[in-house]
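Asker: Let me give you the structure first, and then I'll get to my questions.
The values are calculated or read from the model by the stated rules, or taken from the named source; none is laboratory data. The structure presented is a predicted model; accordingly, all values stated were derived computationally and were not measured. Counting neighbours? That spans all protein chains shown, and the Cβs are built from the backbone with ideal geometry, glycine included.
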Amino acid sequence: KRLFDNPLSDHYEQYAKRLKAYIHSGDRWQNLYQQAYQMFSLLALKTFLAERLVPAYVNGNKEFLREAADVHFPRLENMLAQMQEIDKKMWQSNRKIFGWCTQDVRYGGMRSRCITAAERLHSYLNGELDNLEELEEPRLNFPCSGFAVYAQYARAGIV
């Protein structure tokens, strides 16, 4: 199976809804529930975009492309900022600050990519770009096994 053969956005959305009931529970795990809820909500939106962006572009659905640029990517960037703050608080309560700079790089890169994606969509929709070559490339076959490829993740030794 390939990564996008089966949509995942509904799967992540279901887990987010289940966790939402616990984020104001007041128990000692409340912060973990908040973190998990935020992550599943973020993944639901990210996979929603991944599942729909290329088909919308290929089919000329400019309405969805504009919605992605105006609503979804800014919302995703905002959700990433919230997730970054939640993670930072959790990190600082459980660890020394050392190493957080790697997380800043990871979150900063994801947030910047959301901004760039929205800008490129706007440029295309406004006629400044004839095409979006990144949406024309065939998706690489990424099997659903082997997700733990830690050697390629951004970290202090690689940055």
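Asker: Can you find a residue that is in contact with a Lys or Arg (Cβ under 8 Å, 6 or more places away or on another chain), farther than 26 Å from residue 115 by Cα and in a helix (DSSP H, G or I) anywhere in the stretch 29-50? Give the derivation first.
Answerer: Taking the stretch 29-50 first, the residues in contact with a Lys or Arg (Cβ under 8 Å, 6 or more places away or on another chain) are 31, 37, 45.
Next, from what is left, pick out any that are farther than 26 Å from residue 115 by Cα: 31.
Retained after the next criterion (residues that are in a helix (DSSP H, G or I)): 31.
Yes, that holds for at least one residue.
Asker: Among the helices (runs of 4 or more DSSP H) lying completely within the stretch 71-143, list those that include at least 3 residues that are under 17 Å from the mean Cα position of the chain (by Cα) and over 24 Å from residue 55 (Cβ atoms).
Answerer: Working: elements: 73-94, 100-125, 133-136.
The helices (runs of 4 or more DSSP H) meeting that bar are 73-94, 100-125.
Asker: In addition: Please specify each residue of the stretch 11-29 satisfying the condition of being modelled with pLDDT under 90 and surrounded by fewer than 14 Cβ atoms within 10 Å (Cβ to Cβ). Outline the logic, then answer.
Answerer: The initial filter retains those residues of the stretch 11-29 that are modelled with pLDDT under 90, namely 21-29.
Within the stretch 11-29, 21, 24, 25, 26, 27, 28, 29 meet the criteria.
Asker: Which one of these does residue 2 not meet: (1) closer than 28 Å to residue 94 by Cβ; (2) at pLDDT below 90?
Answerer: Residue 2 satisfies all of (1) closer than 28 Å to residue 94 by Cβ; (2) at pLDDT below 90 except (1).
Asker: Anything in the stretch 100-118 that is touching a helix residue (DSSP H, G or I) at 6+ places or on another chain (Cβ under 8 Å) and touching a residue at least 40 places away in the same chain (Cβ under 8 Å)? List them, or say none.
Answerer: If the condition is that a residue be touching a helix residue (DSSP H, G or I) at 6+ places or on another chain (Cβ under 8 Å) and touching a residue at least 40 places away in the same chain (Cβ under 8 Å), then 114, 115, 117, 118 are the ones that fit.
Asker: Within the stretch 61-68, identify whether any single residue is under 28 Å from residue 140 (Cβ atoms) and under 14 Å from the mean Cα position of the chain (by Cα), and answer yes or no.
Answerer: yes
Asker: Then there's this: Using beta carbons and a limit of 8 Å, which pairs, at least six apart or on different chains, have the first residue in the stretch 41-52 and free of Cβ contacts under 8 Å to residues at least 24 places away in the same chain and the second one assigned to a helix (DSSP H, G or I)?
Answerer: Note: pairs meeting the criteria are 52/64; 52/68.
Asker: Give the residue that is farthest from residue 31 (Cα to Cα), with candidates limited to residues of the stretch 70-99 that are free of Cβ contacts under 8 Å to residues at least 12 places away in the same chain and among the aliphatic types (A, V, I, L, M).
Answerer: That would be 71.
Asker: Any residue in the stretch 6-30 that's under 14 Å from residue 42 (Cβ atoms): show its pairings with residues that are among the acidic types (Asp, Glu) at Cβ separation under 9 Å, as long as the two are six or more apart or on different chains.
Answerer: The qualifying pairs are 8/51; 9/51.
Asker: Filter the stretch 63-111 down to the residues that are farther than 20 Å from residue 32 by Cα and hydrophobic (A, V, I, L, M, F, W, C) and list them by number.
Answerer: 64, 65, 68, 69, 71, 73, 76, 98, 101, 105, 110
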